[in-house]
Amino acid sequence: MGAYPHRGRGFGAVIERSRAALLFLVLALVMTWPLALHLDRAVTDPGDPLLNTWIMAWDLHKLGTGSPRGLFDANIFFPNHRTLAYSEHLLPQALLAALPTRLAGNPIVGYNCVLLLALASSALGMYVLARHLTGSEAGAVFAGIAFAFSPFMMGHLSHLQVLCAGGLPLSFYFLHRFLAGERDADVLWLALTIAVQMLANGYYAVLLPYFIAVPLLGVAVARRRLRDRRFV
């Protein structure tokens, strides 16, 4: 697999991605309007958003004690144990919500901030992948918008874990970089991205390893690297 049109490095790439991230954040505000006017008291609907707000608040409560012990013994469905495992645990999202929640003293604010960041970061993840593959900044912007603000994603505004999908395209970005140069750094970034994405969404945790393993296996066979310990 040869080099791709855009390597995405240097100060210029940082500026370009920052510009794209700002655009995607503005679009997230527009697509969820008027939520931005009521971050402290409104959610997209009274179902899963309130459940997810409670989950993240519970995570922050337990992590704030200095020990994660008992994290999954959430204060629900007593006397059952490990009740947090009945749904998503949303640990990455809770960490993102920590600062706005603390500053506002309101977990709803934390939830809504993470919701906006989820849309923007999903778009940015696809932007990075598309920019790497095509070399087109405009095409990458379009790809980011099509991915993060599609009817499917907008139909899941109440499901925060579904919106947190930026790790999917980023995983393929680092996979492509690894296959092009086989650098150890790309392997580490790939592993970290996959791990965070899997922690953020249990559904993606089931699917993503297969999506990565299949092309890796195909390349290993094509390049006759199945017995190469370093590649494996």
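As a test of reading the structure, rank PHE152, PHE72 by solvent-accessible area (1.4 Å probe, protein chains only), most first. Intermediate results must be reported in sequence, preceding the final value.
Working: PHE152 120, PHE72 75 Å².
Greatest to least solvent exposure: PHE152, PHE72.
Amide H of GLY166 versus every other amide H placed in the peptide plane: which residues, excluding those fewer than 5 positions away on the same chain, fall under 5 Å?
SER122
Based on Cβ point charges of +1 for Lys and Arg and -1 for Asp and Glu, what charge dipole magnitude is obtained for region 20-178 about its Cα centre, in debye rounded to the nearest 20?
Rounded to the nearest 20 debye, it is 300 debye.
Label LEU51 and LEU95 with points 7 Å out from Cα along Cα→Cβ: what is the distance between them in nm?
Calculated label separation equals 2.5 nm.
Treat every Asp and Glu Cβ in region 150-232 as -1 and every Lys and Arg Cβ as +1, leave all other atoms uncharged, and give the resulting dipole magnitude about the Cα centre to the nearest 20 debye.
The calculated dipole for region 150-232 is roughly 400 debye.
Give me the Debye-computed log₁₀ of I(q)/I(0) at q = 0.17, 0.22, 0.24 Å⁻¹ for region 154-232, equal point scatterers on Cα only, no solvent, two decimals.
So the normalised log intensities are -0.68, -1.00, -1.12.
Can you give the helix-only mean residue ellipticity at 222 nm for the chain, where every DSSP H stretch with n ≥ 4 adds -39500 (n - 2.57) and the sum goes over all residues, rounded to the nearest 500 deg cm²/dmol? Walk me through the numbers on the way to the answer.
Details: 10 runs with 152 residues, N = 232.
Taking each H run of at least 4 residues, the total per residue is -21500 deg cm²/dmol.
Under Stokes-Einstein, with the Kirkwood radius over Cα pairs standing in for Rh, what whole-number D in µm²/s applies to region 59-116 at 37 °C and 0.692 mPa s?
271
With point charges of +1 on the Cβ of Lys and Arg and -1 on the Cβ of Asp and Glu, referenced to the Cα centre of the chain, which listed residue (LEU188, MET198, HIS81) lies farthest in the positive direction of the dipole?
Farthest along the dipole direction, towards plus: LEU188.
Pick out the long, greasy-scoring helices in the chain: whole DSSP H runs spanning 20 Å or more along their own axis by Cα, mean Kyte-Doolittle at least -1.0.
Numbers: long enough: 11-31 (30 Å, 1.77); 48-63 (22 Å, 0.11); 107-134 (40 Å, 1.31); 167-181 (21 Å, 0.88); 184-200 (24 Å, 1.48); 202-222 (31 Å, 1.84).
Membrane-span-like by this rule: 11-31, 48-63, 107-134, 167-181, 184-200, 202-222.
If you split all Cα-Cα distances of region 57-196 into 5 Å bins from zero, what percentages do you get per bin, shortest first?
Histogramming region 57-196 at 5 Å steps yields 2, 10, 15, 16, 17, 15, 12, 8, 4, 2, 0, 0 percent.
Can you tell me the order of 116-127, 181-192 when each peptide is scored by its average per-residue count of other Cβ atoms within 10 angstrom, highest first?
116-127, 181-192
Hey, if you put +1 on the Cβ of every Lys and Arg and -1 on every Asp and Glu Cβ in region 44-187, which of LEU99, ALA123, ALA140 ends up farthest toward the positive end of that dipole?
Comparing the listed Cα positions along the dipole, LEU99 ranks first.
The values are calculated or read from the model by the stated rules, or taken from the named source; none is laboratory data. Everything numeric here is computed off the predicted structure, so don't read it as measured data. Here the Cβ is made from the backbone with ideal geometry for all residues, glycine too, and neighbour counts use every protein chain on show. These accessible areas exclude ligands, DNA and RNA; they are computed on the full protein's heavy atoms, side chains included. Shrake-Rupley method; radii C 1.70, N 1.55, O 1.52, S 1.80 Å.
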